[in-house]
């Protein structure tokens, strides 16, 4: 038994030392443990001739247990022989601020390339839209996420391009506020509607919806700020959220202020709210309905503001049989914008409706219709004074969860162009998407 105790004590000492060496600034403590191991071995060796001194081994065992607590940050797991402790399967795991966690974040690199061809002069408004004839890098997204501690989670999305990079999102989210509340702070896409908060690799099409580009900007509405949300205590799934952000710039806050320097007081910040409800209409049919609104200062003049209201609907029918991911989905979104300008109020609207059929894990077809109205005397789009329509169809092939090929055709009718021959534009895209690393779940 003395030999077995000696081996057990040595293994534990080496394990604790290895954990300490994995943490910077703990090398001195690791050396102390190694010294304790030597003492333990000497005591155990002498215990064969002097049984009364086994009490020293017990003392060293207590010291090792204390050092384990310091390394792990939680009480060491009790011995199974302790009659006061429940069996391992029933004993509560350590939780709270002392619970240990992995220090390795989830990292992924998502690349989207597209080959584009046009008949006519395209007027694409999305920041990731492949607008050049030939090959395009739509985006190379570096996504990093990790649980910081029991209180916060960190998520980020850094987009790299051929000529630089940008921080699309970088925010922290609370994990335990209670009462269904959750908060986040940092740089994030505003939770407005269905399309705006999503990333390129989550789209059913190669191009961004027209209404999102015209109302919010090519990169979607986003900015530094904070958000509070709550899961409502209702018989069905329902959440509300309110955010306050620095929304400015043509690419990320088109309907609001033109630059960050234009934000002079807290009243210039943009406030957005969303109510989202989810209903199970049957064993295989789900419905999600959302209402969104945003209000903030615009750059047309002092004290002038912009209001944007939206409603969205998502209906999913999960198909049985065949195995894997099989569903039919219908998503629609309608937005109305109202802007104060000197001596006038401009109002326009737009939306889209898309239908997709994922008939097997590998194949999906989708079609989308878009409409955006025009308005006269628009200081942002002076030429866009008539309606614009666009129809799109796409075919997607998924060799696995980590790659995708997509062929897409679009016909874009720009009714505000003077020459009739220039109004209809044909577009063809072939997109390749590759995902390396962690592949997180997509938003429902």
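The values are calculated or read from the model by the stated rules, or taken from the named source; none is laboratory data. Everything numeric in this text was worked out from a predicted model, so none of it was measured. We place every Cβ from the backbone using ideal geometry, glycine too, and count neighbours over all the protein chains shown.
Here are some notes:
Residue-wise test of (1) assigned to a strand (DSSP E or B); (2) over 23 Å from the mean Cα position of the chain (by Cα).
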residue: 299; (1), (2): no, yes
residue: 311; (1), (2): yes, no
residue: 320; (1), (2): no, yes
residue: 329; (1), (2): yes, no
residue: 337; (1), (2): yes, yes
residue: 353; (1), (2): yes, yes
residue: 357; (1), (2): yes, yes
residue: 360; (1), (2): no, yes
residue: 371; (1), (2): yes, yes
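- Filter pass, residue 246 being assigned by TED's automatic domain parsing to the domain that holds residue 227, surrounded by 15 or more Cβ atoms within 10 Å (Cβ to Cβ), modelled with pLDDT of 95 or more and in contact with a helix residue (DSSP H, G or I) (Cβ under 7 Å, 6 or more places away or on another chain): yes
- Any hit, region 281-292, residues being within 25 Å of the chain's Cα centre (by Cα) and outside any strand (DSSP E or B): no
- Residue in region 223-233 that is under 19 Å from residue 308 (Cβ atoms), more than 18 Å from the chain's Cα centre (by Cα) and not in a loop (DSSP other than H, G, I, E, B) present: no
- Among the residues of region 390-444, just one is touching a helix residue (DSSP H, G or I) at 6+ places or on another chain (Cβ under 7 Å), under 24 Å from residue 350 (Cα atoms) and assigned to a loop (DSSP other than H, G, I, E, B), namely 443.
- Subset of region 111-128 (residues that are within 20 Å of the chain's Cα centre (by Cα) and within 22 Å of residue 381 (Cβ to Cβ)): 126, 127, 128
- Residue in region 404-416 that is modelled with pLDDT under 95 and exposed (fewer than 15 other Cβ atoms within 10 Å of the Cβ) present: no
- Residue within region 339-350 that is part of a strand (DSSP E or B), within 28 Å of the chain's Cα centre (by Cα) and surrounded by 15 or more Cβ atoms within 10 Å (Cβ to Cβ) present: yes
- Residue match in region 314-326 (condition: surrounded by 15 or more Cβ atoms within 10 Å (Cβ to Cβ) and farther than 20 Å from residue 358 by Cβ): no
- Options 257, 269, 291, 281: the member that is more than 17 Å from residue 307 (Cα to Cα) and either loosely packed, with under 15 Cβ neighbours inside 10 Å or in contact with a strand residue (DSSP E or B) (Cβ under 7 Å, 6 or more places away or on another chain) (or both): 281
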